[in-house]
1. Can you tell me how many residues in region 255-267 are in contact with a strand residue (DSSP E or B) (Cβ under 9 Å, 6 or more places away or on another chain) and either modelled with pLDDT under 85 or loosely packed, with under 12 Cβ neighbours inside 10 Å (or both)?
2. Quickly run through region 169-217 and pick out the residues that are of a type in the set (D, E, K, R), assigned to a loop (DSSP other than H, G, I, E, B) and in contact (Cβ under 8 Å) with a residue 40 or more places away in the chain.
3. Six or more apart or on different chains, Cβ under 6 Å: which pairs go from a residue in region 76-103 that's over 24 Å from HIS139 (Cβ atoms) to one that's among the charged types (D, E, K, R)? Could you list them?
4. Does ASP198 satisfy the criteria of being surrounded by fewer than 17 Cβ atoms within 10 Å (Cβ to Cβ), of a type outside the set (A, V, I, L, M, F, W, C) and in contact with a Gly (Cβ under 9 Å, 6 or more places away or on another chain)?
5. Among the residues of region 138-155, is any within 17 Å of GLU232 (Cβ to Cβ), touching a strand residue (DSSP E or B) at 6+ places or on another chain (Cβ under 9 Å), at pLDDT 95 or above and surrounded by fewer than 16 Cβ atoms within 10 Å (Cβ to Cβ)?
6. Identify the residue in region 100-132 that is in a strand (DSSP E or B) and of a type in the set (Asp, Glu) and, among all such residues, is surrounded by the most Cβ atoms within 10 Å (Cβ to Cβ).
7. Find the residue count for region 201-221, including only residues that are within 17 Å of ALA258 (Cβ to Cβ) and either surrounded by fewer than 18 Cβ atoms within 10 Å (Cβ to Cβ) or touching a His at 6+ places or on another chain (Cβ under 6 Å) (or both).
8. Can you confirm whether ILE256 is outside any strand (DSSP E or B), closer than 19 Å to GLN178 by Cβ and under 14 Å from the mean Cα position of the chain (by Cα)?
Amino acid sequence: MQGKPFLPILTTVSRAIRTALALPLLVGNALQGASGPACGNRPVLDWGYWGQGAPNNWGTLSPEFDLCATGISQSPIDLNNLTEDPSAPELIFNYGGNAAEVNHNGKVAHVEYAEGSTLTVGTQRYHLASMHIHVHAEHQVEGQLFPAEMHLVHRKEGGFLGVVGQIYRLGEPDPVVQQLIDAYPEPGQAIKSGFTLDASRFVPGDMGYYHYDGSLTTPPCTEGVDWYVLREIRTVSQEQVNRIAALHNGFNHRPIQARNGRVVRYKRLRPRQ
């Protein structure tokens, strides 16, 4: 499979950047922990993807992050032992070109999307709120690791979330991913605004998907998230993966979480009409 060649390159990028940035980031984390509020004897520390703020420690960094350690429906997971659900509703994307703004919090570069694009799943209607990319992919499929995964985050009334996951393997560059890379802020900048992004270019050609009940993959790891991971796997180039990795200090993925008996349903591929 093409999922493996990216690993040594990502590791090299990650190690080089970690070595260069380790001291200032550790100092920054310490300062944030010292100046932030504390509950009992537990100071609030900054979260991240390595060092003291790494995913395995998220649940200890703040009382608000407890679910990261104690939750029973956490994401991501390995999508295996699947149950086919022919009656599952279609994913109906009504995406368009809307104003966008990129906010980089130092861990993940979020593209905040203006209201106007929706996703309908059965009786549920979600509004596209933001999108971001993880390297490598957070979800696995039958144990296979992939180089990147995009998350399209949707909200509906009541604050509930629905996330569409698009997994990528190595191959030809993806023009939509490139548009996001080109929109990222310059080094040292946190925000870049004033551009339009046509989200309809994210709509898959095949409409099959995996579905399960999960959580946010970043603190506070809130549960009750409807996950729809697309079965269609797109391609990105090694250069695109490296560009994203460099922006995120080498990587920004959470390890696979315990399944805890959850059922993963899937709907077979069906060409877009």
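The values are calculated or read from the model by the stated rules, or taken from the named source; none is laboratory data. Model, not experiment: these values are computed from the prediction. Note that each Cβ is placed from the backbone with ideal geometry, even for glycine, and that neighbours are counted across all protein chains shown.
1. Number of matching residues: 0.
2. Of everything in region 169-217, those that are of a type in the set (D, E, K, R), assigned to a loop (DSSP other than H, G, I, E, B) and in contact (Cβ under 8 Å) with a residue 40 or more places away in the chain turn out to be GLU172, ASP174.
3. Final answer for the pair search is GLY97/ASP198; GLU101/GLU112.
4. Judged against the criteria, ASP198 is a match.
5. yes
6. Restricting to residues being in a strand (DSSP E or B) and of a type in the set (Asp, Glu), the top hit is GLU101.
7. Here the count works out to 1.
8. No, not satisfied.
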